[in-house]
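Report on the following structure.
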Amino acid sequence: LEELMSTLERTRQELDATKQRLSSTQQSLQERDTHLTNMRQERRKQLEEILEMKQQALLAAISEKDANIALLELSASNKKKTQEEVLALKRERDKLMHQLKQHGLL
């Protein structure tokens, strides 16, 4: 009976130690999960900022093309070269607008 009691006590001690390790592991897992969630939120925020910067860059490039087109049209004598420049700028602007639409930014 003493041997069984001794075995039972050792088993209880091992169980307590295992419970303690499990608790520690669960706490560590919770901390890592929280850290992962924070990292995902930060990544999402950074992606949104990148998307916004890309949109701003495309809009700035489109505005630049519009300004160049307007200047050429205002100062244009009907030179063929000027008309070709206007058409080239309009094509470039259309490409930029297509990029905006393609990325769902418009």
Have a look at T7, T37 and point out the one that is farther than 30 Å from G104 by Cβ, surrounded by 10 or more Cβ atoms within 10 Å (Cβ to Cβ) and of a type outside the set (K, R).
T7
Have a look at D66, D33 and point out the one that is acidic (D, E), on the phi < 0 side of the Ramachandran plot and touching a helix residue (DSSP H, G or I) at 6+ places or on another chain (Cβ under 8 Å).
D66
Scanning the range 68-78 for residues that are polar (S, T, N, Q) and either part of a helix (DSSP H, G or I) or open to solvent by 100 Å² or more (accessible area, probe 1.4 Å) (or both) gives N68, S75, N78
Run down K65, K90, K81 and say which single residue is assigned to a helix (DSSP H, G or I) and open to solvent by 100 Å² or more (accessible area, probe 1.4 Å).
K81
In the set E31, E52, which member is at pLDDT 95 or above, surrounded by 10 or more Cβ atoms within 10 Å (Cβ to Cβ) and of a type outside the set (A, V, I, L, M, F, W, C)?
E31
Restricting to the range 57-86, name every residue that is aliphatic (A, V, I, L, M) and under 37 Å from the mean Cα position of the chain (by Cα).
A57, L58, L59, A60, A61, I62, A67, I69, A70, V86
When you check H103 against the structure, is it under 27 Å from the mean Cα position of the chain (by Cα) and open to solvent by 100 Å² or more (accessible area, probe 1.4 Å), yes or no?
no
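The values are calculated or read from the model by the stated rules, or taken from the named source; none is laboratory data. Every value quoted in this text rests on a predicted model; they were computed, and no experiment measured them. Don't worry about glycine lacking a Cβ; one is built from the backbone with ideal geometry, like all the others, and counts go over all protein chains shown. Each accessible area value is taken on the protein alone, full model and side chains, heavy atoms only, with ligands, DNA and RNA left out. Shrake-Rupley method; radii C 1.70, N 1.55, O 1.52, S 1.80 Å.
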